[in-house]
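Asker: Can you keep this structure in mind? I'll have questions shortly.
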């Protein structure tokens, strides 16, 4: 039973961490090499990892996806998708300017010989087996690949999240102390009263029964001397 | 545009739940404080009257009206986010 409990807990922690890792913004320093549009035919396995059609357009089973191809400073490639998250979509980045972002990305295309480094803010994962891409949120040019990035948004979000969890715990404790415990006390008081009542009745019954028996005994023959 | 309507409706419902819970919680905390105050003040008069009077004062207080920020802050946050992500 202990193993089951711990397995469950560890799975839960992994799930929460994966959720946060997928949804919170991350920053990559990359050099953009090209932008392109491919048609995606989603399957039920990878549909989950894409957002919806652009804000203000309709949803179809298949559609074009904007991609941004880039190279990291270590030479490895990375491909971003560039999709609206919409004003009512998950995750709540409220991104509706995908076309503009694509234009910015195209503007920052550079060659290996004359690199223009950029910081791409994105969320999501790249997975080759599912054909999923991280979604680029913003791009800004930087002077060198050794730029110091402080993830302010993540700091704020995680702090607020911790605060909210703390407050939920406080609220629950307050609710338990002020509402549940008194109710339980009432119940146990009621039980006590029932108990006392039963005891008293029992006492009395014993009393009545004992008296009756004593009375019956008066009819018995007295032990002979 | 439909996204905004959906966001507004769902957001309003969710925030209403939050608003209600926060209101109940803060009232409960305040009541507890009043009960302790009554003990500390040397138990003046009926405990029930003391607490009820304090709660009536609390009901008209600024602190209580500030709970409405539960609606205001997320709305501003969403507008700010839309601006920052798309137009900055």
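The values are calculated or read from the model by the stated rules, or taken from the named source; none is laboratory data. The structure displayed is predicted, hence computed values, not measured ones. Note that we place each Cβ from the backbone using ideal geometry, even for glycine, and neighbour counts take in every protein chain shown.
Condition check ((1) surrounded by 10 or more Cβ atoms within 10 Å (Cβ to Cβ); (2) within 37 Å of the chain's Cα centre (by Cα); (3) modelled with pLDDT of 80 or more) across all residues:
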{"residue": "A:148", "(1), (2), (3)": "no, yes, yes"}
{"residue": "A:161", "(1), (2), (3)": "yes, yes, yes"}
{"residue": "A:175", "(1), (2), (3)": "yes, yes, yes"}
{"residue": "A:182", "(1), (2), (3)": "yes, yes, yes"}
{"residue": "A:202", "(1), (2), (3)": "yes, no, no"}
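Asker: Within segment B:65-75, is there a residue that is surrounded by fewer than 11 Cβ atoms within 10 Å (Cβ to Cβ) and under 22 Å from the mean Cα position of the chain (by Cα)?
Answerer: yes
Asker: Condition check: assigned to a helix (DSSP H, G or I) and either in the same structural domain as residue A:122 (by TED's automatic domain parsing) or loosely packed, with under 10 Cβ neighbours inside 10 Å (or both). Does residue A:37 satisfy that?
Answerer: So residue A:37 does not fit the description; no.
Asker: Among the residues that make up segment B:34-47, is at least one of them within 14 Å of chain A (Cβ to nearest Cβ), exposed (fewer than 12 other Cβ atoms within 10 Å of the Cβ) and free of Cβ contacts under 8 Å to residues at least 40 places away in the same chain? Break it down stepwise before answering.
Answerer: To start, the set of residues in segment B:34-47 that are within 14 Å of chain A (Cβ to nearest Cβ) comprises B:34-36.
Imposing the further condition that a residue be exposed (fewer than 12 other Cβ atoms within 10 Å of the Cβ) reduces the set to B:36.
Applying the additional criterion that residues be free of Cβ contacts under 8 Å to residues at least 40 places away in the same chain yields B:36.
Yes, that holds for at least one residue.
Asker: Somewhere in segment B:50-57, is a residue part of a helix (DSSP H, G or I), at the interface with chain A (Cβ under 10 Å from one of its Cβ atoms) and touching a helix residue (DSSP H, G or I) at 6+ places or on another chain (Cβ under 9 Å)?
Answerer: There is no residue in segment B:50-57 that is part of a helix (DSSP H, G or I), at the interface with chain A (Cβ under 10 Å from one of its Cβ atoms) and touching a helix residue (DSSP H, G or I) at 6+ places or on another chain (Cβ under 9 Å).
Asker: Also: Please list, ordered by first then second residue, the pairs with beta carbon atoms under 7 Å, 6 or more apart or interchain, first in segment A:124-151 and under 23 Å from residue A:51 (Cα atoms) and within 14 Å of another protein chain (Cβ to nearest Cβ), second modelled with pLDDT of 95 or more and loosely packed, with under 12 Cβ neighbours inside 10 Å.
Answerer: Filtered contacts from segment A:124-151: no entries.
Asker: Let me ask another. I want to confirm something. Restricting to segment B:1-11 and keeping residues that are surrounded by 11 or more Cβ atoms within 10 Å (Cβ to Cβ) and free of Cβ contacts under 8 Å to residues at least 24 places away in the same chain, which single residue is farthest from residue B:76 (Cα to Cα)?
Answerer: Ranking the candidates gives B:2 first.
Asker: Report whether or not residue A:166 is on the phi < 0 side of the Ramachandran plot, at pLDDT 95 or above and in a helix (DSSP H, G or I).
Answerer: yes
Asker: Six or more apart or on different chains, Cβ atoms under 6 Å: show the pairs whose first residue is in segment B:64-88 and closer than 19 Å to residue A:96 by Cα and whose second is surrounded by 11 or more Cβ atoms within 10 Å (Cβ to Cβ) and at pLDDT below 95.
Answerer: Matching pairs, first to second residue: B:81/A:94; B:82/A:94; B:85/A:93; B:85/A:94; B:85/A:95; B:86/A:96; B:86/A:97.
Asker: Does segment A:50-84 hold any residues that are within 14 Å of chain B (Cβ to nearest Cβ), closer than 30 Å to residue A:115 by Cα and assigned to a loop (DSSP other than H, G, I, E, B), and which are they? Walk me through it before giving the result.
Answerer: Restricting attention to segment A:50-84, the residues satisfying the condition of being within 14 Å of chain B (Cβ to nearest Cβ) are A:51-59, A:82-84.
Narrowing the set further to residues that are closer than 30 Å to residue A:115 by Cα leaves A:82-84.
Those that are within 14 Å of chain B (Cβ to nearest Cβ), closer than 30 Å to residue A:115 by Cα and assigned to a loop (DSSP other than H, G, I, E, B): A:83, A:84.
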